[in-house]
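The values are calculated or read from the model by the stated rules, or taken from the named source; none is laboratory data. Keep in mind that what you see is a predicted model, and the values were worked out from it rather than measured. As a convention, Cβ positions derive from the backbone with ideal geometry for all residues, glycine included, and neighbour counts pool all protein chains shown. Each accessible area value is taken on the protein alone, full model and side chains, heavy atoms only, with ligands, DNA and RNA left out. Shrake-Rupley method; radii C 1.70, N 1.55, O 1.52, S 1.80 Å.
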Amino acid sequence: MLTKEKVQNFLKEIEVDDLVNNFQIMGEDVYIDMTAHSPAMHEKKKLEAAMKQAFASEFGENVHLKLKIVSPEPSEIQQSQIKGKQIPGIQNIIAIASGKGGVGKSTVSANMAVTLAKMGFKVGLLDADIYGPSVPTMFDTEGAKPISVDVGGKSMMKPIENYGVKMLSIGYFSGANQAVVWRGPMASKALNQMIRDAAWGELDFLLIDLPPGTGDIHLSIIQEVPVTGAVIVSTPQHVALADVRKGIAMFQMESINIPVLGLIENMAYFTPDELPETKYYIFGNQGAQYLAEDLGIPVLGEIPLIQSIREAGDVGRPAALQEGSKIEEIYTETARKMVESLVERNKNIPPTEAVKISTMAGCSPKAK
């Protein structure tokens, strides 16, 4: 017979008794209230799966475990963070990032944006790659200039719109052949203006196409706005995945604490037009899946290396707009999984806060 003493001893044995706030036994049902180690969604899922497996092994399949897992109280570092000012009308801000360049992150961002718009969402896309803006080319809006509009007595930029997506990019303000040669603070200021001084209106999603790496621009974004979650883009080869780990680690730092919604593997395989069912894994097979399993995050999609994706980006019409095509189907499924991960994140985790840099370790004050 299942007793409270047996369950209590078992909780001590598997070393989770300190996480248990309360538990009750009603017949073959065990109700347990727990506090997770971390507010991260993947940590809660791992704890839930481990608990169910442990109880099934110890007490058999007849015992039904009913778990309620809550987030822990914020740490001192988290308490030192400041709540970022929400951008009026924007529900979710998604950072699309990569650990290194050349993985096709901007192409993925553009196709995810148009896919979400086709699904009926109101979507904005901010091109945060100050030094290599590509959104004007990918959306056939080169040469367009945002106009000034009056919003509540304040002059604001009106984003450029095409294919149902509202867009801003430094590429709309600099010439096509003009290099942007700015230091970090100036680039960050320009980026903040595009975020805050734009008339985005009502948006379900604002996708932010970040530059590669983990530098000034990334810190500016997470300081300026409460990012809802991050999506990481990688290619399958080992050298790309090694840098992706660093990108994910940045978002998961305790002082940043932005949930990673999932990983998109771009250029996952090559499919020639004449053999649409054939897959050639020219950059390696399932590298992203292994990494995602190791880090406890989902794989949102595998985007193939198809010539039409490159051609569509070059002519300014994202490939996901191709009705009835395989690539449209793949991007729709990828976007659906991202939305599912986002819904789960919003259900289990409180809104992300903008980060306050509270240490100057390693820096010396300027001599007077």
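Filtering the stretch 321-368 to residues that are modelled with pLDDT under 85, open to solvent by less than 20 Å² (accessible area, probe 1.4 Å) and outside any loop (DSSP other than H, G, I, E, B) leaves only Arg345.
Within the stretch 89-102, the presence of at least one residue that is at pLDDT below 85 and polar (S, T, N, Q) is confirmed.
Residues that are touching a Ser or Thr at 6+ places or on another chain (Cβ under 8 Å), under 21 Å from Ala190 (Cα atoms) and open to solvent by 10 Å² or more (accessible area, probe 1.4 Å) number at least 1 in the following strands (runs of 3 or more DSSP E) confined to the stretch 99-159: 148-151, 154-157. Contact map, the stretch 1-16: first residue surrounded by 11 or more Cβ atoms within 10 Å (Cβ to Cβ), second residue aliphatic (A, V, I, L, M) and not in a helix (DSSP H, G or I), Cβ cut-off under 7 Å, separation 6 or more or different chains; pairs are Leu2/Ile25; Leu2/Val63; Lys4/Ile25; Val7/Ile25; Val7/Val30; Leu11/Val20.
One line per residue, one yes/no per condition, for (1) assigned to a strand (DSSP E or B); (2) free of Cβ contacts under 8 Å to residues at least 40 places away in the same chain; (3) within 19 Å of Lys105 (Cα to Cα); (4) touching a Cys at 6+ places or on another chain (Cβ under 6 Å):
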| residue | (1), (2), (3), (4) |
| --- | --- |
| Asp273 | no, yes, no, no |
| Pro276 | no, no, no, no |
| Gly284 | no, no, yes, no |
| Asp294 | no, yes, no, no |
| Ile297 | no, no, yes, no |
| Gly301 | yes, yes, yes, no |
| Ser308 | no, yes, yes, no |
| Glu311 | no, yes, yes, no |
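The number of residues in the stretch 210-242 that are assigned to a loop (DSSP other than H, G, I, E, B), at pLDDT 70 or above and open to solvent by less than 50 Å² (accessible area, probe 1.4 Å) comes to 8. Determine whether Lys145 is in contact with a helix residue (DSSP H, G or I) (Cβ under 9 Å, 6 or more places away or on another chain) and farther than 19 Å from Pro212 by Cβ. Yes.
Within the set Val299, Val260, the sole residue that is open to solvent by less than 20 Å² (accessible area, probe 1.4 Å) and within 23 Å of the chain's Cα centre (by Cα) turns out to be Val260.
Starting from residues that are open to solvent by less than 30 Å² (accessible area, probe 1.4 Å) and in contact (Cβ under 8 Å) with a residue 12 or more places away in the chain, keep the ones in the stretch 46-73 and report whichever is nearest to Thr3 (Cα to Cα).
Residue satisfying both the conditions and the ranking: Val63.
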